[in-house]
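First comes the structure, then the notes that go with it.
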Amino acid sequence: MLAEVGRSILHNAEIAGRCLSLLGRALLALRHIGRGRSQIVRQLDMAGFGSILVLCLIAGLTGMIMAVQTGSELEKFGVLKNLGAIIGATFCCEMGPIWAAVIVLARVGASMAAELGTMTVNEEVDALKVMSIDPVRYLVMPRILALMISMPLLTTMADFVGLLGGALVTKAQFGQPLRTFMESAQGLLDGMDFYSGLFKSLVFAVIIGTISCDQGLATKNGAEGVGRATTATVVLSIVFVLLSDHIMNYILLKVITPLMGLT
Amino acid sequence: MMRRAATNPGTDRHTGPVQQVEDWPAERLEAGSPLVPPPPGKQVLMQVRALTKAFGPRRILRGIDVDICAGETFVILGGSGSGKTTLIKHLMAMLTPDSGSVVVDGLDLAKATPEQLVEYRKKMGVVFQNAALLNSLTVLENVGLPLTEVEQRPADEVRARVVEALRQVFLPADEILDLKPASLSGGMRKRVGIARAIIQKPSIILYDEPTTGLDPVTVNGVNELTLQLQQKLGVTSIVITHDLDAAFMIADRIAVLYKGRFIAVGDKRAIGDNPHPVLRQLLTGSTTGPLTEDFLTAKKPEGAPS
C-alpha cells in the first residue's frame with residue numbers, strides 16, 4: 001500500500017516536472033509566433049467560438065438557479081436588493097472562470113489530448129521531428145496560446161450571461177426591476193473582482209493547455225493509451241484548476257487586498 | 001538449448017525446397033554476423049558500430065555493426081520484436097544509443113548539434129509505416145510541410161514542388177491537392193507519404209515497413225516505386241520490412257536482424273543460401289522454428305518503439 005502511494009507520488013511528480021518543462025519550451029517557442037499564425041487561428045476557432053454557445057447556456061442557467069435559491073432566502077430577511085451584488089461577485093470571482101475552465105476542459109482539453117495522443121501513436125509527431133519541425137512550436141504553443149486568448153473572453157461572457165440570467169429570474173420570480181439588480185451588482189463589485197477573475201482564467205488556460213498537450217504527447221499503447229490520456233487530462237486538469245483557484249484566492253485575500261488597503 | 005531449423009515441409013520461394021535440418025545451440029543462433037566489408041568500388045555512407053540500446057531490463061539492440069553504401073538499397077529483415085524499429089529510429093537520430101555509434105557522412109549522430117541534425121534531416125526522407133500524414137492538413141499542406149515550416153518557401157514555389165513530387169509518385173496532383181488524408185485510399189496515402197519524403201530531394205530515404213497493410217497490387221506498386229526512385233534519384237534507400245518478396249525484389253543487400261543483432265548480411269544470393277534456422281524460418285514462413293518459440297515467450301519492453 002505504501003509502495004503504491006509512493007509510486008503514485010513519483011508518477012505525479014514526473015508529470016508535473018514534464019508539464020513545467022513543456023510550458024517553458026512553449027513560452028520560448030512564442031518567439032516563432034508569426035510562423036504559427038494559421039495554427040493559432042485554427043485553435044482559436046476550436047477553443048473559443050466552439051465553446052460560446054454551451055458556456056452561455058450553462059452560465060445563464062447557473063445565474064437563474066442562484067437567483068431562485070439565494071433570492072428566496074434573502075427575501076425572508078428583506079434584503080433581496082443585495083441579490084445582484086451576491087450573484088455578480090460570485091460570477092466575477094468564481095463561477096465565471098470556473099465554468100469557462102470546466103467547459104473548455106470538457107470540450108477542448110479532452111479533444112486536444114485525444115488529437116495529440118492519436119497523432120503520437122500514429123507516428124505523426126515522429127514525422128514532424130524527422131522533418132526538423134519542433135512539435136512544441138508547431139502543436140503545443142498554438143494550443144496554449146489559443147486557450148490563453150479565448151479563456152478570458154469566455155469568462156467575461158460567462159460573467160455577463162450569468163448576471164443576465166439572474167436578473168431576468170429575479171424580475172420574473174420576485175418582481176425586482178432589472179435596474180435595481182444591476183445597481184446592486186455595480187455597487188458591490190469593483191475592478192479588482194473582475195480582473196482577478198480574468199487573471200484566474202488565464203492561469204486556468206495555461207494549466208488546461210499544458211496538461212492536455214503533455215498527456216497527448218506522452219501517449220503510449222494505441223487506442224487504449226489515447227483513452228487513458230484523455231481521462232488523465234480531465235482528472236489532472238480539474239484537480240490543478242481547483243488547487244490553483246484556492247491558492248490564488250488565498251493570495252488575493254491575505255496578501256493583495258491588505259496591501260492595496262482594500263477591505 | 002538446441003533448436004532445430006524449419007522442420008515442417010515449407011517451400012522456400014527464394015531458394016527452393018527446404019532441405020536442411022540441423023541442431024543449433026542458442027549461442028550460435030544468436031551470434032552476430034562479423035562485419036561484412038562493403039562491395040568493391042562502393043563508398044560507405046553510413047557506419048554503425050557496436051550499437052546497443054536497452055529499454056529497462058530488456059536489451060533491444062545488442063551490438064549492431066554494419067556499413068551501408070551510398071546509392072544502394074539496403075533491406076533490413078526481421079521478425080516482430082527483433083529491433084528493426086529501434087534501429088531505424090537510431091538512423092533517424094530520434095534515439096540515442098546506450099553505447100556504440102551511428103556515423104553518417106562523417107557526422108556522429110549522437111554527438112551532433114541541433115543545427116547539424118536539422119541539416120542531416122534535410123538530407124533524409126522517411127516513409128512511415130502508416131504514412132503518418134497529418135489528418136488536419138490537406139495533401140498540399142502535408143507534402144509541402146517541410147518546405148513551409150523548415151525552409152519557409154513562398155506558397156507558389158511550395159505548390160509547384162508538391163505537384164512535381166506527387167507526379168513522381170504517379171498521383172494525380174490536380175485532383176488530390178486539396179483533399180484530406182482520410183479521403184484517400186491506403187495506397188494513395190502511402191504514395192503521398194513517399195512524396196513528402198522526397199520533396200526536399202533527400203540523399204537518403206528510410207522506409208519503415210512501407211508495404212504493411214496494403215493489398216498485393218498496391219504492394220507491388222510501392223515496391224516498383226521504391227526501385228524507380230532509387231534508380232531515378234540515385235538515393236541510398238534503407239528499407240525495414242518483413243515482406244520477403246519485397247526484400248528480394250528491391251534489395252541490393254539484405255541484413256537479417258534477430259534479437260538485436262544482425263545474424264546475416266549479404267546480397268540476395270548469400271542470404272538465400274544461408275542455412276541459419278531463423279533465416280530459413282523467415283524464408284519458408286514455417287510455423288515451427290526459433291521465431292515461433294520466441295513469440296510464445298516474448299513480452300514487449302516498456303518504452304520500446306512499436
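The values are calculated or read from the model by the stated rules, or taken from the named source; none is laboratory data. Computed from a prediction, not measured in an experiment: that's the story for all the values here. Positions of Cβ are generated from backbone atoms using ideal geometry, with glycine treated the same way; all protein chains shown enter the neighbour counts.
The one condition from (1) of a type in the set (Ser, Thr, Tyr); (2) within 14 Å of chain B (Cβ to nearest Cβ); (3) within 27 Å of the chain's Cα centre (by Cα) that A:THR155 does not meet is (2). Being touching a Gly at 6+ places or on another chain (Cβ under 8 Å) and surrounded by 16 or more Cβ atoms within 10 Å (Cβ to Cβ) holds for only one residue in B:LEU214, B:LEU166, and it is B:LEU214. The residue list A:PHE181, A:PHE204, A:PHE194 contains one member that is part of a helix (DSSP H, G or I), touching a Pro at 6+ places or on another chain (Cβ under 9 Å) and either among the aromatic types (Phe, Trp, Tyr) or surrounded by fewer than 19 Cβ atoms within 10 Å (Cβ to Cβ) (or both), which is A:PHE204. Restricting the search to segment B:267-297, which residues are buried (at least 17 other Cβ atoms within 10 Å of the Cβ) and part of a loop (DSSP other than H, G, I, E, B)? The answer is B:ASN274, B:HIS276, B:SER286, B:GLY289.
For segment B:147-176, the candidate set comprises residues that are polar (S, T, N, Q) and within 13 Å of another protein chain (Cβ to nearest Cβ); within that set, the residue that is nearest to B:ARG196 (Cα to Cα) is B:THR148. Restricted to segment A:127-146, and to residues there that are surrounded by fewer than 24 Cβ atoms within 10 Å (Cβ to Cβ) and among the charged types (D, E, K, R), the residue that is nearest to the other protein chains (Cβ to nearest Cβ) is A:LYS129. Checking each residue in segment B:117-127 for being within 8 Å of chain A (Cβ to nearest Cβ), surrounded by fewer than 23 Cβ atoms within 10 Å (Cβ to Cβ) and either touching a residue at least 40 places away in the same chain (Cβ under 8 Å) or in a strand (DSSP E or B) (or both) picks out only B:LYS122.
Could you grab me the full set of residues in segment B:146-164 that are not basic (Lys, Arg) and not in a helix (DSSP H, G or I)? It would help to see each step written out before you state the result.
Going residue by residue through segment B:146-164, those that are not basic (Lys, Arg) are B:146-152, B:154-158, B:160, B:162-164.
Answer for segment B:146-164, where residues must be not basic (Lys, Arg) and not in a helix (DSSP H, G or I): B:GLU151, B:GLN152, B:PRO154.
Out of the residues in segment A:208-222 that are part of a loop (DSSP other than H, G, I, E, B) and on the phi < 0 side of the Ramachandran plot, state the one that is modelled with the lowest pLDDT. Spell out the reasoning first.
Just the residues of segment A:208-222 that are part of a loop (DSSP other than H, G, I, E, B), to begin with: A:218-221.
Filter once more, keeping what is on the phi < 0 side of the Ramachandran plot: A:218-220.
Working: A:ALA218: 94, A:THR219: 94, A:LYS220: 89.
Within segment A:208-222, the match that is modelled with the lowest pLDDT is A:LYS220.
Whether any residue in segment B:47-70 is within 14 Å of chain A (Cβ to nearest Cβ), in contact (Cβ under 8 Å) with a residue 12 or more places away in the chain and assigned to a helix (DSSP H, G or I) is what I want to check. No, segment B:47-70 contains no residue that is within 14 Å of chain A (Cβ to nearest Cβ), in contact (Cβ under 8 Å) with a residue 12 or more places away in the chain and assigned to a helix (DSSP H, G or I).
Among the helices (runs of 4 or more DSSP H) contained in segment A:18-126, which hold 2 or more residues that are buried (at least 21 other Cβ atoms within 10 Å of the Cβ), touching an Asp or Glu at 6+ places or on another chain (Cβ under 9 Å) and more than 14 Å from chain B (Cβ to nearest Cβ)? Walk me through it before giving the result.
Working: elements: A:37-44, A:50-77, A:83-90, A:96-104, A:110-121.
Qualifying helices (runs of 4 or more DSSP H): A:83-90, A:96-104.
Please note which strands (runs of 3 or more DSSP E) are completely contained in segment B:165-264 and include at least 2 residues that are touching a residue at least 40 places away in the same chain (Cβ under 8 Å) and among the polar types (S, T, N, Q). Before you say what the answer is, go through the steps one by one.
Numbers: elements: B:204-208, B:236-241, B:253-258.
In segment B:165-264, B:236-241 are the strands (runs of 3 or more DSSP E) which contain 2 or more residues that are touching a residue at least 40 places away in the same chain (Cβ under 8 Å) and among the polar types (S, T, N, Q).
Kindly provide the set of residues from segment B:128-146 that are at the interface with chain A (Cβ under 9 Å from one of its Cβ atoms) and of a type in the set (S, T, N, Q), ordered by number. Once the filter is applied, which keeps residues that are at the interface with chain A (Cβ under 9 Å from one of its Cβ atoms) and of a type in the set (S, T, N, Q), segment B:128-146 yields B:GLN129, B:ASN130, B:ASN135, B:SER136.
Filtering segment A:195-247 to residues that are more than 14 Å from the chain's Cα centre (by Cα) and hydrophobic (A, V, I, L, M, F, W, C) leaves A:CYS213, A:LEU217, A:ALA218, A:ALA223, A:VAL226, A:ALA229, A:ALA232, A:ILE247.
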